[in-house]
1. Out of the strands (runs of 3 or more DSSP E) lying entirely within segment 145-242, which hold 1 or more residues that are crowded, with 17+ Cβ neighbours inside 10 Å, modelled with pLDDT of 95 or more and of a type in the set (Val, Ile, Thr)?
2. Quick test for you: out of Ala349, Ala306, Ala355, pick the one residue that is assigned to a helix (DSSP H, G or I) and over 17 Å from the mean Cα position of the chain (by Cα).
3. Return the residues of segment 27-43 that are in contact (Cβ under 8 Å) with a residue 24 or more places away in the chain and either surrounded by fewer than 16 Cβ atoms within 10 Å (Cβ to Cβ) or not assigned by TED's automatic domain parsing to the domain that holds Lys97 (or both); say none if nothing qualifies.
4. Which helices (runs of 4 or more DSSP H) does segment 1-91 wholly contain that include 1 or more residues that are within 16 Å of the ligand (Cβ to nearest atom), within 18 Å of the chain's Cα centre (by Cα) and under 27 Å from Gln350 (Cα atoms)?
5. Select, from Ala353, Ala306, the only residue that is in the same structural domain as Gly181 (by TED's automatic domain parsing), surrounded by 20 or more Cβ atoms within 10 Å (Cβ to Cβ) and out of contact with any Asp or Glu (no Cβ under 6 Å at 6 or more places or on another chain).
6. Residues being within 14 Å of the ligand (Cβ to nearest atom) and of a type in the set (Asp, Glu): count how many of those fall in segment 142-179.
7. Right, Ala318: within 15 Å of the ligand (Cβ to nearest atom) and either over 30 Å from Thr114 (Cβ atoms) or assigned to a strand (DSSP E or B) (or both) or not?
Amino acid sequence: MAGATGDKPVRVGIIGAGAVSDYHHVPGIRLDPRATLTAVADTDPALLEKRKGEWGVSIASTDPLEIATHPEVDAVIIATPNFSHKPIALAAAAAGKHIMCEKPLGLNATEVQTMYEAARDAKVVHMTAFTYRFAPSMRYLRHLMKTGALGTPRHFRSQRFLDWPETSWGWRQYKDKAGAGDLYDMTIHRLDFALDLLGPIQRVCGSVARFAPRVTTPDGKPCEPSNVDDWSCLIGEFANGATGVWEGTTLAKGYNRDGFGHEWAEINGSEGSAVYRLHEPNCLLLGKTGSDLAGIDVPDEFLKAAGSPRDPRQGKPATVFRYDLIWEFISAIVEGRPAVPSFYDGLNAQIIADAVLESHEKRMWIDTPLAAV
Ligand SMILES: NC(=O)c1ccc[n+]([C@@H]2O[C@H](COP(=O)([O-])OP(=O)(O)OC[C@H]3O[C@@H](n4cnc5c(N)ncnc54)[C@H](O)[C@@H]3O)[C@@H](O)[C@H]2O)c1
């Protein structure tokens, strides 16, 4: 297995040099003195050349597998379209590389099961990029929930409303490339919240819909219509007796909020309610019986990952917590421990997402047991 060690920084290869790598992962690596960006792969030669210069990387290839198995790479970040995650992850695991892979891990839970088993059996660190777990108010909400401050949890509620243009989403709007639309792109993060906060979900009943045909690219060219959802919802029953309701859409006009959209994830417990909101991630709404929800500042210890040198007061709050993903990935490698959230967490979220599609198709509730460890 590629190591991390001693005084040598972990050599990271980024596979997929598009939007999320530039927005989250490269700034995260730059902030972490224990990591260095060594290599990059992208199938688009023009973008690859541009990123080589912008990111200052010497090893570059249009072949993702070359970087996934490169001797000068210890760890890879897979940030390519969803259909390509599995072969890259399997090659990286076989070569003993630690892997952080973007969500959704694959096109369906069967693919993801194979990825999880490969990474587990290769004994590499594996991590799913469930970004919003790292938001300060989500961290604090989790703390309140786990320490009993909210009492017995009764309801989980998640809303993710975006106001996106109705032009083409590129690869994201085709089932063979993305697996699903809003459900896999957005709602899957919120399924992960729920599993992390409240534990296993026993069964779900879900529905999806597509409203926008997306037959024009943003620069006005015609394209094949979308065949994935742009709205998804479900209700679920947790093993601990709580109930959950989730809704997501990219077509909520008027919900721009500086591009961050509306996100609301809430727990109603027997002693109180707590709400995380993406657009104000350093503030948690709290409420007790007879009072109204009111904002409180997230305590300093929850504003960033423990030990990270990041200054949480710098930059846009709804952007900068995303850099903590890398801190967690590199910490797990350096400390020789599993990363959180792992591929196992990515698999369990994917099982629920797949059950939503099945429920919609069959018009019935679907049981959703956790995957075998
Ligand atoms: N965690 C998050 O919050 C978050 C946010 C955005 C995107 N994502 C996920 O990240 C992944 C990438 O999304 P994006 O928005 O950066 O997409 P993007 O289209 O901007 O970038 C993808 C890049 O991968 C390249 N590519 C395509 N096939 C490839 C292959 N086989 N090998 C190497 N490179 C290849 C493309 O040329 C492109 O540059 C997706 O899985 C998406 O769901 C996660």
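The values are calculated or read from the model by the stated rules, or taken from the named source; none is laboratory data. Values in this document were obtained by computation on a predicted structure and should not be read as measured data. Virtual Cβ from ideal backbone geometry, glycine too; neighbours counted across all protein chains shown.
1. Output list reads 201-209.
2. After ruling out the rest, the residue left standing is Ala355.
3. Answer for segment 27-43, where residues must be in contact (Cβ under 8 Å) with a residue 24 or more places away in the chain and either surrounded by fewer than 16 Cβ atoms within 10 Å (Cβ to Cβ) or not assigned by TED's automatic domain parsing to the domain that holds Lys97 (or both): Pro33, Thr36.
4. 26-31
5. Ala353 is the lone residue from the list that is in the same structural domain as Gly181 (by TED's automatic domain parsing), surrounded by 20 or more Cβ atoms within 10 Å (Cβ to Cβ) and out of contact with any Asp or Glu (no Cβ under 6 Å at 6 or more places or on another chain).
6. Residues in segment 142-179 being within 14 Å of the ligand (Cβ to nearest atom) and of a type in the set (Asp, Glu): 1 in total.
7. yes
So that you can scan it fast, the table gives a plain yes or no per residue for (1) touching a Cys at 6+ places or on another chain (Cβ under 9 Å); (2) within 16 Å of the ligand (Cβ to nearest atom); (3) part of a helix (DSSP H, G or I):
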position: Gly106; (1), (2), (3): no, yes, no
position: Tyr116; (1), (2), (3): no, no, yes
position: Asp121; (1), (2), (3): no, no, yes
position: Tyr132; (1), (2), (3): no, yes, yes
position: Ser137; (1), (2), (3): yes, no, yes
